[in-house]
Amino acid sequence: MHVYLPVAEVSLDVFVLIGLGAAIGFLSGLFGVGGGFLVTPLLIFLGVPPAVAAATGANTVIAPSVSGVLSGLRRRGVDFRMGAILLLGGFVGSAASVGLFALLRRIGQIDLVVALSYVLLLGTIGILMLVESLRAWQRRARMAGVTRSKLHHHMWIHGLPLKMRFPRSRLYISALVPAGIGFGVGALSGIMGVGGGFMLVPAMIYVLGMPSSVVVGTSQFQIIFVAANVTFLQSYANQTVDIVLAVVLMIGSVVAAPLGARLGAKLRAEQMRVLLAVLVLGVAGQLAYDLVAPPEDLFSIETRNESISSSAGQ
Amino acid sequence: MRRVLALVLAFLGLASADLRAQPLVADLSEHLIAITTGFAGTDVLLFGATEGEGDVIVILRGPESPTIVRRKARIAGIWVNREQVTFTGAPSFYRLAASRPLDEITTPALRARHQIGVDQLRIVPQRSLDPERLAEFRAGLVRNKQAQEFYSTEVGRVSFLGPRLFRTRIYLPPNVPPGSYTAEVLLVRDNQVVAAQTTPMFVSKTGIGAEVFVFAHQHSAVYGLTAILLAVFAGWAASAISRKV
């Protein structure tokens, strides 16, 4: 059964889209990542124009994040103070990257920059996470959880000024650290058109040293606002959000998000990190392959959009 | 099918009085292709009658739009968009059908004059290029359009029913671009076009799809807020449901 997507201007199978939505929802519930880094390439693969895929992907990610935060609230799994500071940095960062995005797009190199940032970031994050979490897994197997290690290691970042208490995360660190992380993630996600959860979650675990019980909920809290900001700006400036596509994807994602969350509750923290690392590395590997493999066609085309008068019906 | 047949008969009945005066008459089964929410591609039937000998060529063209073609090159092991050329005059959609193989009924000059075949489209680069590069970029454009099913890779068949009646079926894929189309019918005899007729066809979004599109373009800010609220509501609903279950 096909559904016509009026903004993307293509007709796609409803069940394929619902399945894709379910995959996003499941990941969101499990890891607290929005899934934008998966949904955008998959939508492009199905034939949705890249600009519409990125903007609509951001819109879709809001839904599972809202339900995640709501269930996180009941478990006291959202650190609002931390989330707010991450968000503040994120907004400044994404605003800074809008101009850069427009420039790259004009010279036709946006795809390359996006792909390269993905490969570098996902590759680095994935490898670091995999090594660390496998080590933790081994350690736990050996000691069977008898001894308890320090909550987090002390690094130079703990010497920064503007120290703040984050009771929910049991942290006392400089507010500059989460603000800086938010800025970096916001700048990159502005260029890459994703919420940045896959960068934020590892940063919260390893740099901030947040307990994993609050990482997922806080990440989802931050993603709601970043994704809503992207949705609004893209709708307003470029008219690239397809509501029909978003609604179909959301049907799948809201059904699957609680399933992901249920599985997440059963897994131990380091098992979850191994899984996330494998997923992130898989995506990075695929993108790296696409960059170096000879393309099927050296040429690609882009058709300028028709004006509204010629494409809208009466 | 019966409806189309009745249409053909009625049309021929009306047209028969004029037939002696007109060597070629043709029409489409539908002039308005409505892209509704469930649109999954459709067929249009082009039919008509000729007076006397000759072959029929049918060309369906979509609206023209500027198209950017980019070429990748390998830099430091990575494939990068290196060069780009903007072309004008490329139709968004192109389909061709003929009653016999083109090289049996036309000359290259005739094909060029009437833009018969994707290799004959008057696609013009917006900056000067040497002929070799131009040919490569042009071929790249056509290949990409064919991969997206916007241009046909082969010539469709116009079939004659008896000596005078002809018809052809043209497939419009699910991603058919909206806009005003023209269906051009040529009657060819001895490598000459002896009669031609052009019929308009419109492809447009209707119903909810069209309204969403207009909403997105005319009230962009409200549209964006609506999209966000819908997502927030969906998330809340999911949470409420999962708590009950």
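Points worth noting:
- Here the label points at B:VAL222 and A:TYR206, each 7 Å from Cα along the C-beta direction, are separated by 4.8 nm in the simple model.
- Fraction of the pair-distance distribution of the range B:96-185 above 23 Å, Cα-Cα pairs, percent: 35
- Euclidean distance of C-alpha centroids, the range A:67-139 and the range B:57-116, integer Å: 42
- Spin-label model distance (nm) - B:ARG164 vs A:ARG76, 7 Å beyond Cα toward Cβ: 9.1
- Between 0 and 90 degrees, the angle of helix A:212-238 with respect to the longest Cα principal axis of chain A falls at about 20 degrees.
- With the biggest extent put first, the Cα atoms of the protein assembly as shown measure 100, 56, 43 Å across the principal axes.
- Span-like helix ranges in chain B, DSSP H, alpha carbon extent 27 angstrom or more, Kyte mean at least -1.0: B:220-244
- Per residue of A:59-69, other chain Cβ atoms within 10 Å of the residue Cβ number 6 on average.
- Annotation: peptides B:127-135, A:165-173, ranked by per-residue average of other Cβ atoms within 10 Å with the highest first, follow the order A:165-173, B:127-135.
- Remark: relative contact order (chain A) = 38 percent; criterion is Cα-Cα distance under 8 angstrom and separation of 6 or more residues.
- Where Cα atoms sit under 24 Å apart: lysine pairs in the protein assembly as shown separated by 8 or more or lying on different chains: 5
- Size descriptors for the range A:1-56, from the alpha-carbon set: Rg then Dmax equal 11.4, 33 Å.
- Cα-based helix-to-principal-axis angle, A:269-292 vs chain A, degrees rounded to 10: 40
- On full extension, the segment bounded by B:THR153 and B:GLN192 gains 11.6 nm, given 0.36 nm per residue less the C-alpha separation.
- For the range B:2-205, the extents of the C-alpha atoms along the principal axes are 70, 45, 23 Å, listed from largest to smallest.
- The range B:2-205, relative contact order [Cα under 8 Å, separation at least 6], %: 31
- Its DSSP H runs of at least 4 residues, each contributing -39,500 (n - 2.57), put the calculated 222 nm mean residue ellipticity of the protein assembly as shown at -18000 deg cm²/dmol, to the nearest 500.
- DSSP-defined antiparallel bridges as percent of all bridges, the range B:2-205, nearest 5: 90
- B:ASP55, B:ASP190 arranged by Cβ crowding within 10 Å, fewest neighbours leading: B:ASP190, B:ASP55
- Put in order of Cβ neighbour count within 10 Å, fewest first, the listed residues A:THR60, B:THR106 become B:THR106, A:THR60.
- Distances between every pair of Cα atoms in chain A, grouped in 20 Å steps from 0 to the bin holding the largest one, split as 32, 57, 11, 0 percent.
- Projecting the Cα atoms of A:ALA63, A:SER169, A:VAL185 onto the charge dipole of chain A (Cβ charges, centred on the Cα centre) puts A:SER169 farthest toward the positive pole.
- Karplus 3J(HN,Hα) series, Hz, for the range B:177-189 with 6.51 cos²θ - 1.76 cosθ + 1.60 (x for Gly, Pro): x, x, x, 8, 10, 10, 10, 9, 10, 10, 9, 10, 9
- Computed across the range A:246-299, the Kirkwood radius stands at 14.2 Å (inverse of mean 1/r, all Cα pairs).
- Surface/4 of the Cα convex hull for the range B:41-83, nm²: 7.0
- Its Cα centre serving as origin, chain A has a Cβ charge dipole (Lys and Arg +1, Asp and Glu -1) of approximately 2140 debye.
- Sorted by Cβ density within 10 Å, fewest first, the residues A:LEU208, A:LEU162: A:LEU162, A:LEU208
The numbers here are math on the coordinates, done by the rules we state, and not lab data. None of the values given here were measured: they were computed from a predicted structure. Reconstructed Cβ throughout: ideal geometry from the backbone, glycine too, with neighbour counts over all protein chains shown.
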